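Below you'll find the structure, written out as structure tokens, and then a few comments.
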Amino acid sequence: MELDIAGRSAIVTGASKGIGRAVVRFLLAEGVSVIAAARQREALDQLVAALPERASVHTVQADVADRGSSARLRDQALERFGRIDIVVNNAGGGGSALGEFDEDEWHRLYTLNVTSAVRLTMACVPSMRAQQWGRVVNVASTMARHCDPRFGPYGAAKAALLHVSRNLAQAYSRDGILVNCVLPGLTRTGGVLDGYASAAVAMGSSEDEVERRMMARQPIAIGRTGEPEEVAAAVVFLCSERTSWVTGAEVAVDGGTLTDI
């Protein structure tokens, strides 16, 4: 199946590692030019070093929590590629458990996971509307639908991202701008693996045992955790011409973790 997005351009946040890095690779393979944004310059340089020499990618060191980052990413895309067709809001992060309430952390996580995605999307809407074509994919989490006090502020923020994705779809789909949300389950990203390592030290056990306990608490029907590339494949599909009648959708890429109807 051809995705028919060659020649288009994209902005991907959280692009240097994990799911975001895989999204960048897959978009480039489809002939899309990419603005790859992340906070750490070293990680961005490592991304570029691993790509084909003539890959049409431009990296931007940016913290999406910074209000000025959205206009800067938009302007870089327009300057480099002359258009903006695709936005993948992948940047995000978690925090402490619900019982460790910290109001400043709640505000920080909302800005990182929700406001940053809305801000960048709204910055790109005029360009997408002018060409009557756009794809926005917001990367949320199964925690948007599954309550777990260990991830209280993170889950609340991702639930808000799911809600705002539907609002954006309602607002702009008639302009050709389709907005969808991907809900990854437990995926073996660098952040997750680092969490395993920290938990293993605290528990005096192995990282494999930490993962086993995580899966026992929230079972996965397939029986294993996911890989970043498996999530990225769904993200890139939603960026394509093949999803021309899909908007306001939530797509769980979770190995069968969510069981509610």
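Here are some notes:
- Of all accessible heavy-atom area on the stretch 215-261, the percent that carbon and sulfur account for (1.4 Å): 59
- Crossing angle, helix 18-29 versus the chain [Cα axis fit, 0-90 degrees, rounded to tens]: 30
- Unit charges on C-beta of K, R, D, E only; dipole of the stretch 1-148, Debye: 520
- With bins 10 Å wide beginning at 0, the percent of Cα pairs of the stretch 112-261 falling in each bin runs 11, 36, 32, 15, 5, 1.
- With all protein chains kept in place, the per residue accessible area of the stretch 99-140 amounts to 46 square angstrom at a probe of 1.4 angstrom.
- Separation between Cα centres of the stretch 24-94 and the stretch 117-161, rounded to whole Å: 17
- Three-way shape label, the stretch 81-197, alpha-carbon gyration tensor, a/c 1.5: prolate
- Correct option for Rg/Rh (Cα atoms, Kirkwood Rh) [calculated from the coordinates] among [x] 0.93; [y] 0.96; [z] 1.05: [y]
- Accessible-area ranking of Trp106, Trp133, largest first, probe 1.4 Å: Trp106, Trp133
- Only one residue of Pro184, Cys239, Gln170 has its Cα farthest out toward the positive end of the dipole of the stretch 143-243, where Lys and Arg carry +1 and Asp and Glu -1 on Cβ, and that residue is Gln170.
- CD proxy at 222 nm, helix term only [per DSSP H run n ≥ 4: -39500 (n - 2.57); per residue of the chain; nearest 500]: -14000 deg cm²/dmol
- Positive-end ranking of Gln131, Pro149, Pro52 along the dipole of the chain, with charges on Cβ about the Cα centre, is headed by Gln131.
- Accessible surface ranking for Cys147, Cys239, 1.4 angstrom probe, highest first: Cys147, Cys239.
- Longest segment of the chain lacking GluC sites (Glu not before Pro) that sit in a DSSP loop with at most 13 other Cβ atoms within 10 Å: 101-261
- Applying the Karplus relation 6.51 cos²θ - 1.76 cosθ + 1.60 with θ = phi - 60° to the stretch 213-224 yields 3J(HN,Hα) values of 5, 4, 6, 5, 6, 9, x, 10, 4, 5, x, 8 Hz, where x marks Gly and Pro.
- For the stretch 33-47, 3J(HN,Hα) per residue [Karplus equation, 6.51 cos²θ - 1.76 cosθ + 1.60, θ = phi - 60°, Hz, x = Gly/Pro]: 7, 10, 8, 9, 10, 6, 7, 9, 4, 4, 5, 5, 5, 5, 4
- Low-density loop positions, trypsin sites (Lys or Arg not before Pro), the stretch 54-120 - DSSP coil, at most 13 other Cβ in 10 Å: Arg54, Arg67
- The amide H of Gly95, built 1.01 Å from its N in the peptide plane, has Tyr154 as neighbours under 5 Å, considering only residues 5 or more places off or on other chains.
- Interchain or long-range residues, amide H under 5 Å from His58's placed H: Val34, Ile35, Ala36
- The H on the amide N of Arg135, modeled in the peptide plane, is under 5 Å from the matching H of Ile86, Val87, Leu178, each at least 5 residues off or on a different chain.
The values are calculated or read from the model by the stated rules, or taken from the named source; none is laboratory data. Keep in mind that what you see is a predicted model, and the values were worked out from it rather than measured. Every residue, glycine among them, receives a Cβ derived from its backbone with ideal geometry; neighbour counts consider all protein chains shown. In case anyone asks, the SASA skips ligands and DNA or RNA and just uses the protein heavy atoms, side chains included. Shrake-Rupley method; radii C 1.70, N 1.55, O 1.52, S 1.80 Å.
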